[in-house]
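*Asks:* Got a structure here, written out as structure tokens. Questions coming.
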């Protein structure tokens with residue numbers, strides 16, 4: 001509420017013929033949604049017939065109101081524009097109608113149409129607000145599908161591995177050709193397995209690295225893997241005493 | 001797994017309404033629209049008398065809390081849900097009842113400028129969207145309401161909006 | 001209104017888990033923690049055998065879908081299965097066929113630098129792991145495939161990978 005006072009006295013003075021009762025003065029212009037809203041308020045307040053508005057009366061009321069308001073704060077341009085429009089309509093109504101033009105449109109028609117349309121929308125806004133609204137009047141279920149939120153990882157199959165490898169092979173075909181077959185692959189798998197086994201341990205006993213239950217082929221492959229690890233300087237094989245235990249350890253930088 | 005329980009789980013975990021055409025997908029063609037609709041009617045009955053109800057809205061089917069629950073659920077979030085300003089509500093009403101409209105149309109009806117924040121707020125909430133451009137200089141955007149707007153107001157079609165009151169009451 | 005239905009509605013519409021201290025608020029002091037906990041146990045029983053389950057998690061109580069529902073609910077949002085880039089697949093193939101290898105080995109074979117993201121992605125998936133370090137300056141990590149890699153590719157041993165007839169580069 002705007003209440004401007006000088007020496008304790010309200011600076012606002014009411015035009016005599018303004019019908020707005022003093023309590024309505026509390027209704028400052030801010031509460032209106034624009035000039036149409038203010039016009040509707042005035043029409044209602046004074047029981048004016050919207051279809052046969054007394055332009056002189058309405059214009060006077062409107063101007064008086066915005067004059068009052070202008071003393072309180074700056075007025076949006078729309079209000080001044082409407083004032084000009086009202087004065088224009090009023091003056092057109094005062095002009096004598098040329099008798100040859102019988103069916104000239106009522107100068108108020110456009111304003112009335114706009115007022116009616118705005119009034120409709122104003123009521124519609126209230127009705128809309130009266131409807132039940134999600135998150136205000138009712139709530140929607142929100143149960144998590146958490147496992148769906150996890151990103152899906154690409155699938156890979158064994159053939160993809162082969163295709164990828166062959167693609168590399170094709171690119172470097174000109175380079176030194178070496179056959180890598182099934183056995184070689186097993187050897188490499190066992191090399192990885194032995195390294196994993198040695199991880200975190202200072203050493204392992206040579207015989208522990210052999211899985212005796214898996215047959216002679218695995219036995220041989222494990223042995224070849226150990227030799228390959230020694231050749232690639234990845235492990236040390238140590239036997240401190242003749243015929244003593246053989247220990248395998250990860251080779252550390254000396 | 002019982003199909004009714006699958007549909008129930010799908011609806012309770014979906015933030016948007018599910019049209020029957022989506023629900024059908026749950027069963028990869030093993031159930032037709034007619035069976036799904038029967039099942040939805042069954043589910044609706046199953047939930048009668050509980051805190052949620054299954055309702056058909058513009059976007060399809062979805063659960064929502066019954067109005068009686070508001071009072072209790074509000075106690076969990078004591079801050080009042082924000083209310084729209086009159087300017088925002090009038091703008092929304094014009095878009096809803098007069099769609100498709102340009103910002104200029106809205107300003108013409110309301111007699112004042114429309115703040116871009118208002119339009120943005122409704123766009124962010126997916127209540128309005130640009131559906132085209134008017135073929136005039138500047139090609140202004142044409143706004144219309146979305147099906148989420150209808151869903152959130154619990155409506156099936158725009159014609160379920162409250163009817164417009166014809167003329168100014170002469171009081 | 002039945003308190004169980006109020007708690008059910010609150011849990012179904014809450015995006016976060018609700019601790020008992022929150023649930024109590026629904027009844028403005030008319031129910032104590034003990035009663036609420038009893039009620040939650042009852043609710044949990046009520047939902048047994050349906051597509052959702054009521055679970056107690058770190059933050060409190062919440063509904064969530066049962067794992068069996070995944071298969072069905074995924075049909076609502078079918079996503080294109082993601083694929084690994086050629087660089088990623090080749091890196092994985094080199095580790096699989098030539099293990100144990102260092103990043104330098106992979107780069108030498110492919111002729112281009114290996115992005116750390118690729119190795120990290122496979123490590124995060126527990127498909128590869130560091131099994132040691134090569135005894136050369138810098139002691140580079142030696143990568144090998146894991147048993148999870150074999151499991152995920154449905155292989156018993158690495159030697160079940162398709163044999164390579166073509167001539168191959170030696171690292």
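*Asks:* Look through B:42, B:49, B:132 and report the one residue that is farther than 26 Å from residue A:34 by Cβ, within 11 Å of chain C (Cβ to nearest Cβ) and either free of Cβ contacts under 8 Å to residues at least 12 places away in the same chain or surrounded by fewer than 17 Cβ atoms within 10 Å (Cβ to Cβ) (or both).
*Replies:* It is B:49.
*Asks:* Restricting attention to segment B:15-39, which residues are within 16 Å of the chain's Cα centre (by Cα) and crowded, with 19+ Cβ neighbours inside 10 Å?
*Replies:* Hits for segment B:15-39 are B:17, B:18.
*Asks:* Here is a further query. Here are the criteria: (1) touching a residue at least 60 places away in the same chain (Cβ under 8 Å); (2) within 21 Å of residue A:76 (Cβ to Cβ). Tell me which single one residue B:55 does not satisfy.
*Replies:* (2) is the only condition that residue B:55 fails.
*Asks:* Exactly one of (1) more than 7 Å from chain C (Cβ to nearest Cβ); (2) at pLDDT below 85; (3) under 42 Å from the mean Cα position of the chain (by Cα) is unmet by residue A:133. Its number?
*Replies:* So residue A:133 meets the others, but not (2).
*Asks:* Of the conditions (1) in contact (Cβ under 8 Å) with a residue 24 or more places away in the chain; (2) within 8 Å of chain A (Cβ to nearest Cβ), residue C:111 satisfies every one except a single condition; which number is it?
*Replies:* Status for residue C:111: all satisfied but (1).
*Asks:* On to the next question. Provide a single number: the residues in segment A:62-93 that are more than 14 Å from chain B (Cβ to nearest Cβ) and assigned to a loop (DSSP other than H, G, I, E, B).
*Replies:* 2
*Asks:* For segment A:200-244, which positions are modelled with pLDDT of 80 or more and part of a loop (DSSP other than H, G, I, E, B)?
*Replies:* Of everything in segment A:200-244, those that are modelled with pLDDT of 80 or more and part of a loop (DSSP other than H, G, I, E, B) turn out to be A:203, A:210, A:232, A:233, A:234.
*Asks:* OK, next. Step by step: first the residues of segment A:190-225, then only those that are facing chain C (nearest Cβ under 9 Å) and free of Cβ contacts under 8 Å to residues at least 12 places away in the same chain, then the one that is farthest from residue C:156 (Cα to Cα). Which residue is that?
*Replies:* A:196
*Asks:* May I ask you to say which residue of C:73, C:12, C:5 is more than 30 Å from residue C:118 (Cβ to Cβ) and in contact (Cβ under 8 Å) with a residue 40 or more places away in the chain?
*Replies:* Among C:73, C:12, C:5, only C:12 is more than 30 Å from residue C:118 (Cβ to Cβ) and in contact (Cβ under 8 Å) with a residue 40 or more places away in the chain.
*Asks:* Just give me the residues in segment B:3-38 being at the interface with chain C (Cβ under 9 Å from one of its Cβ atoms), in a loop (DSSP other than H, G, I, E, B) and over 21 Å from residue C:13 (Cβ atoms), in sequence order.
*Replies:* Correct list: B:28 only.
*Asks:* Can you name the residue in segment C:39-56 that is touching a strand residue (DSSP E or B) at 6+ places or on another chain (Cβ under 8 Å) and part of a loop (DSSP other than H, G, I, E, B) and is also nearest to residue B:68 (Cα to Cα) among such residues?
*Replies:* C:47
*Asks:* Considering only residues that are within 23 Å of the chain's Cα centre (by Cα), at pLDDT 65 or above and more than 7 Å from chain C (Cβ to nearest Cβ), which ones fall in segment A:138-181?
*Replies:* Correct list: A:138 only.
The values are calculated or read from the model by the stated rules, or taken from the named source; none is laboratory data. Since the structure is predicted, the reported quantities are computational estimates derived from the model, not experimental observations. FYI the Cβ positions are ideal-geometry reconstructions off the backbone, even for glycines, and counts take in every protein chain you see.
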